[in-house]
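Q: This is the structure, below, for whatever I ask next.
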Amino acid sequence: MSLRQKAVRGVFWSAVQNWGSNLIVVTVVVLLARLLQPEAFGLVAEAQVFVAFATIFQKQGFVQALVQRSDLERGHMNTAFWASVGAGVLLTIVGVAGAGVVAMFFHEPQLVPVVRWLSLSFLISGLASVPQALLQRELAFKGLAVRALAAAVAGGAVGVGMALAGFGVWSLVGQVLAGGFAGTVVLWIGCKWRPGVAVSARHFKDLFSFGVHAMGSELCRFVSYRADHVLIGFLLGPVALGYYNVACQIVEMVTRLLTQTISAVAFPTFSRLQDAPEQMRHAFYTATRMSSLVALPAFLGIIALAPELVAGVMGPQWEQCTGVMQAMASLGILRAVLYFNGAVIMAYGKPSWVLGLGLMSALSSIAILLVAVRWGIVVVAAALAVRGYLLSPIGLWAVHKLIRFDPGRYIRQYVAPLVSALVMVAFVWGGKYCLAGMLGLHVLLPLCILMGVAVYALTVFLVAPTLLWQMMDLLKLAVPVGRPAGRRSAPSTGEG
């Protein structure tokens with residue numbers, strides 16, 4: 001099987017993983033939003049800020065290093081595993097002992113037991129990191145898909161069950177722990193590798209020399225993505241953070257639905273193409289084109305229908321989420337079309353570049369958030385969106401330095417999806433305001449969504465029919481129906 005076929009089949013199983021698990025998670029979040037108060041989501045979000053920050057130091061960038069290395073030895077895997085497990089044990093102890101400090105920072109005494117129980121996530125994450133990296137390296141996304149689905153189902157069942165039984169905030173804690181534990185068990189069942197005891201300083205140095213930059217990049221990414229949660233929780237309290245966090249969660253899950261299907265496969269695929277520049281450029285064009293084809297209508301649709309989505313799906317008590325959701329959806333468009341910049345840079349062994357870009361993003365986030373937070377959560381989300389668009393050319397310039405893509409071709413591939421999405425929004429807005437007085441919300445919302453999908457598909461077919469045929473070709477590679485068992489794959493055409 002050629003690399004192109006492996007990559008496309010990886011996209012298929014990545015789609016199963018992301019669409020299956022994230023649709024389950026979205027459903028669970030909506031159910032929990034109807035069962036719990038915003039304060040519960042805010043408290044867990046505050047605790048998860050600490051967990052997410054500490055997890056960066058636990059992983060030490062070893063996952064990226066294992067995927068990127070061309071000469072991976074068993075000692076690398078053993079060393080990465082025991083380093084991750086050891087760090088997980090240490091951080092669990094630190095989390096249990098230091099929960100009071102986190103609670104004191106946010107002025108929330110109720111956080112102490114929440115942080116202590118969520119600290120078990122460190123141990124679970126330490127056990128899962130290396131098997132996950134090895135499956136990703138081999139493009140074995142079927143195993144990762146099963147793992148994600150098992151985690152989503154287990155976590156959702158425990159979370160909703162506990163919420164129905166009246167456990168409040170502990171429903172969210174149970175969801176996190178049950179999902180992580182179930183996913184780790186399934187991951188080990190699907191991974192053939194088993195750890196040995198032979199570790200060495202040389203293998204640690206090999207991994208850490210790459211991983212330290214990846215770890216720095218993750219730290220900067222944490223600041224860019226979590227500084228808003230820290231400041232809102234610290235200055236505005238858990239209720240405001242609850243509204244903000246739920247809106248961000250929904251948009252982030254849509255982002256994962258639309259981008260991680262391809263991006264999960266992009267890094268290992270790009271890593272194998274680092275010595276084939278023409279194939280690399282073609283793979284980069286294909287990834288960004290396919291991502292924009294689905295992301296642009298999705299996020300513009302969220303902006304157009306956000307009031308109806310919040311009221312109809314989550315309930316009127318979550319109305320304060322609407323503006324945040326619209327602002328974050330506008331940022332989601334940018335993240336979708338630029339999602340593969342980091343994968344290209346890392347594939348070329350330039351983690352220091354990603355670190356520099358991340359540091360720039362982190363510092364600008366802190367500066368703009370310190371000003372915006374005083375005006376509330378909607379202004380915070382809007383300010384982050386503006387910052388993202390202003391900084392976007394810098395990341396594209398870095399990718400251009402490495403693969404020398406054609407800027408004109410790169411920009412032109414967004415024209416058809418953008419025009420089609422704008423036509424869709426015009427029809428959706430028009431239909432929404434014409435029918436609002438005639439139909440109830442629960443009829444109007446699905447009708448507008450169906451109309452938007454139909455208008456967008458028809459417009460793309462009329463404006464750029466080749467885009468649809470290209471997607472169909474990729475689907476045929478992903479799911480080869482009717483191919484004779486003994487037939488060999490066609491030789492690679494150099495398309496990556």
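The values are calculated or read from the model by the stated rules, or taken from the named source; none is laboratory data. Not measured: the values here are computed from a predicted model. Note: ideal-geometry Cβ built from the backbone for every residue, glycine included; neighbour counts use all protein chains shown.
Q: Please go through region 71-99 and pick out each residue that is without any contact (Cβ under 8 Å) to a residue 12 or more places away in the chain and over 30 Å from LEU172 (Cβ atoms).
A: ASP71 - this is the single residue of region 71-99 that is without any contact (Cβ under 8 Å) to a residue 12 or more places away in the chain and over 30 Å from LEU172 (Cβ atoms).
Q: Could I ask something else about it? Given the condition modelled with pLDDT of 85 or more and more than 18 Å from TYR225 (Cβ to Cβ), answer yes or no: does some residue in region 328-338 qualify?
A: no
Q: Quick check, is PHE208 buried (at least 18 other Cβ atoms within 10 Å of the Cβ) and under 18 Å from the mean Cα position of the chain (by Cα)?
A: no
Yes/no per residue for (1) touching a Pro at 6+ places or on another chain (Cβ under 8 Å); (2) more than 15 Å from VAL399 (Cβ to Cβ); (3) without any contact (Cβ under 8 Å) to a residue 40 or more places away in the chain; (4) not aromatic (Phe, Trp, Tyr):
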{"position": "GLU308", "(1), (2), (3), (4)": "no, yes, no, yes"}
{"position": "GLY312", "(1), (2), (3), (4)": "no, yes, no, yes"}
{"position": "TRP318", "(1), (2), (3), (4)": "yes, yes, no, no"}
{"position": "GLY332", "(1), (2), (3), (4)": "no, yes, no, yes"}
{"position": "PHE340", "(1), (2), (3), (4)": "no, no, no, no"}
{"position": "ALA347", "(1), (2), (3), (4)": "no, no, no, yes"}
{"position": "GLY356", "(1), (2), (3), (4)": "no, no, yes, yes"}
{"position": "ILE366", "(1), (2), (3), (4)": "no, yes, no, yes"}
{"position": "VAL371", "(1), (2), (3), (4)": "no, yes, yes, yes"}
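Q: Here is a further query. Against the definition (at pLDDT 90 or above and aromatic (Phe, Trp, Tyr)), how does PHE284 come out, yes or no?
A: Judged against the criteria, PHE284 is not a match.
Q: On to the next question. I'd like to check something: does region 32-55 contain any residue that is in a loop (DSSP other than H, G, I, E, B) and modelled with pLDDT of 85 or more?
A: Looking through region 32-55, at least one residue is in a loop (DSSP other than H, G, I, E, B) and modelled with pLDDT of 85 or more.
Q: Can you name every residue in region 109-123 that is part of a helix (DSSP H, G or I) and farther than 17 Å from ASN78 by Cα?
A: Within region 109-123, LEU111, VAL112, PRO113, VAL114, VAL115, ARG116, TRP117, LEU118, LEU120, SER121, PHE122 meet the criteria.
Q: Restricting to region 100-114, give me the number of residues that are in contact (Cβ under 8 Å) with a residue 40 or more places away in the chain and either farther than 14 Å from GLY42 by Cα or of a type in the set (Val, Ile, Thr) (or both).
A: Final tally of qualifying residues: 3.
Q: In addition: Out of the residues in region 142-159 that are modelled with pLDDT of 85 or more and of a type in the set (Gly, Ala, Ser), state the one that is surrounded by the fewest Cβ atoms within 10 Å (Cβ to Cβ).
A: The residue in question is ALA157.
Q: Looking at GLU138, GLU108, can you tell me which residue is surrounded by fewer than 19 Cβ atoms within 10 Å (Cβ to Cβ) and of a type in the set (Asp, Glu)?
A: Testing whether each residue is surrounded by fewer than 19 Cβ atoms within 10 Å (Cβ to Cβ) and of a type in the set (Asp, Glu) leaves just GLU138.
Q: Considering only region 180-198, I want to know if a residue exists there that is at pLDDT below 80 and surrounded by 22 or more Cβ atoms within 10 Å (Cβ to Cβ).
A: Looking for residues that are at pLDDT below 80 and surrounded by 22 or more Cβ atoms within 10 Å (Cβ to Cβ), one finds none in region 180-198, hence no.
Q: Continuing with the same structure: List pairs: first residue in region 380-404 and in contact (Cβ under 8 Å) with a residue 40 or more places away in the chain, second residue of a type in the set (Asp, Glu) and surrounded by 19 or more Cβ atoms within 10 Å (Cβ to Cβ) anywhere in the structure, Cβ distance under 6 angstrom, at least six positions apart or on different chains.
A: VAL380/ASP228
Q: Which pairs have Cβ atoms under 6 Å, sit 6 or more apart or on different chains, and link a residue in region 443-459 that is at negative phi and touching a residue at least 60 places away in the same chain (Cβ under 8 Å) to one that is among the small types (Gly, Ala, Ser) and part of a helix (DSSP H, G or I)?
A: LEU445/GLY312; CYS448/GLY431; GLY452/GLY301; TYR456/SER420
Q: Any residue at all in region 400-416 that is farther than 19 Å from ALA283 by Cβ, surrounded by 12 or more Cβ atoms within 10 Å (Cβ to Cβ) and among the aromatic types (Phe, Trp, Tyr)?
A: No, there is no match, as no residue in region 400-416 is farther than 19 Å from ALA283 by Cβ, surrounded by 12 or more Cβ atoms within 10 Å (Cβ to Cβ) and among the aromatic types (Phe, Trp, Tyr).
Q: Quick one: which helices (runs of 4 or more DSSP H) sit completely within region 291-403 and have at least 3 residues that are within 23 Å of PRO38 (Cα to Cα)?
A: Output list reads 321-337, 377-403.
Q: Pairs, please: C-beta under 6 Å, at least 6 apart or cross-chain, first residue assigned to a helix (DSSP H, G or I) and in region 409-421, second of a type in the set (Gly, Ala, Ser)?
A: Pairs that qualify, where the first residue is assigned to a helix (DSSP H, G or I) and the partner is of a type in the set (Gly, Ala, Ser), are ALA416/ALA464; PRO417/SER292.
Q: For ALA383, state whether it is small (Gly, Ala, Ser) and crowded, with 16+ Cβ neighbours inside 10 Å.
A: It is true that ALA383 is small (Gly, Ala, Ser) and crowded, with 16+ Cβ neighbours inside 10 Å.
Q: Restricting to region 64-87, what's the tally of residues that are modelled with pLDDT of 70 or more, part of a helix (DSSP H, G or I) and touching a helix residue (DSSP H, G or I) at 6+ places or on another chain (Cβ under 8 Å)?
A: Residues meeting the conditions: 14.
Q: Could you identify the single residue in ARG221, ARG202 that is under 21 Å from GLY388 (Cα atoms) and assigned to a helix (DSSP H, G or I)?
A: Result of the check over ARG221, ARG202: ARG221.
Q: Of the numbered conditions (1) surrounded by fewer than 23 Cβ atoms within 10 Å (Cβ to Cβ); (2) modelled with pLDDT under 95; (3) of a type outside the set (Phe, Trp, Tyr); (4) not in a loop (DSSP other than H, G, I, E, B), SER129 fails exactly one; give the number of that condition.
A: With (1) surrounded by fewer than 23 Cβ atoms within 10 Å (Cβ to Cβ); (2) modelled with pLDDT under 95; (3) of a type outside the set (Phe, Trp, Tyr); (4) not in a loop (DSSP other than H, G, I, E, B) applied to SER129, the lone miss is (1).
Q: Separate question: Within region 422-441, can you find the residues that are touching a residue at least 12 places away in the same chain (Cβ under 8 Å) and over 16 Å from ILE302 (Cα atoms)?
A: LEU435
Q: Which of the residues that make up region 88-108 are farther than 19 Å from PHE57 by Cα and part of a loop (DSSP other than H, G, I, E, B)?
A: HIS107, GLU108
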